[in-house]
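As structure tokens, the structure follows; a few thoughts come after it.
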Amino acid sequence: MIASLLIVKLLKFVLVGFSGMLIDYGVTWLLKEKAKLNQYIANSAGFILAASSNYIWNRLWTFASQSEQITREYFSFILISLIGLGINTLVILLLNGKLKLNFYLAKLIAIVVVTVWNFSMNFLITFGG
């Protein structure tokens, strides 16, 4: 029973993450291509807006948090996301840069690794398991 509840939470987390990816890419594209902002500024804005949206949806839907510690939860979620971004980069550097695995395969593996990291840490730390 507990395992099935965990799987449901993981599936919800993945769906929220997919919506975040759409926000990230959409905002980045709009700011870079239409507003003509610097690509790194556009990328950072896309990441922050996506992570913020992901926090809100995971708080409300995935984990149904009732905590009044919203600021602590939010910054925990963002910090875990930033660490995940670092892990993503390291996995790609290792698999593609060092082991010469195809870039997109390396990126796919990195996404899986970071999804497990983000879900686990948010389940245990941000939303208190």
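The values are calculated or read from the model by the stated rules, or taken from the named source; none is laboratory data. Note that the structure is a prediction, hence the values are computed from the model and not measured. When we count neighbours, we look across all protein chains shown, and the Cβ atoms used for this are built from the backbone with ideal geometry, even at glycine. The area values use the complete protein model at the heavy-atom level, side chains included, leaving out ligands, DNA and RNA. Shrake-Rupley method; radii C 1.70, N 1.55, O 1.52, S 1.80 Å.
Residue count for the range 33-56 under the criterion of being of a type outside the set (Ser, Thr, Tyr), under 16 Å from Phe123 (Cα atoms) and either touching an Asp or Glu at 6+ places or on another chain (Cβ under 6 Å) or open to solvent by less than 80 Å² (accessible area, probe 1.4 Å) (or both): the result is 2.
If you take the residues of the range 69-117 that are of a type in the set (D, E, K, R) and farther than 20 Å from Leu49 by Cα, which of them is modelled with the lowest pLDDT?
The selected residue is Lys107.
Consider the range 57-108 and keep the residues that are assigned to a loop (DSSP other than H, G, I, E, B) and farther than 26 Å from Phe127 by Cα. The one that is most open to solvent (accessible area, probe 1.4 Å) is Lys100. Of everything listed in (1) open to solvent by less than 60 Å² (accessible area, probe 1.4 Å); (2) of a type outside the set (D, E, K, R); (3) in contact with a Phe, Trp or Tyr (Cβ under 9 Å, 6 or more places away or on another chain), the single unmet condition for Ser120 is (3).
What number of residues in the range 5-43 are modelled with pLDDT under 95 and among the small types (Gly, Ala, Ser)? Total meeting the criteria: 1.
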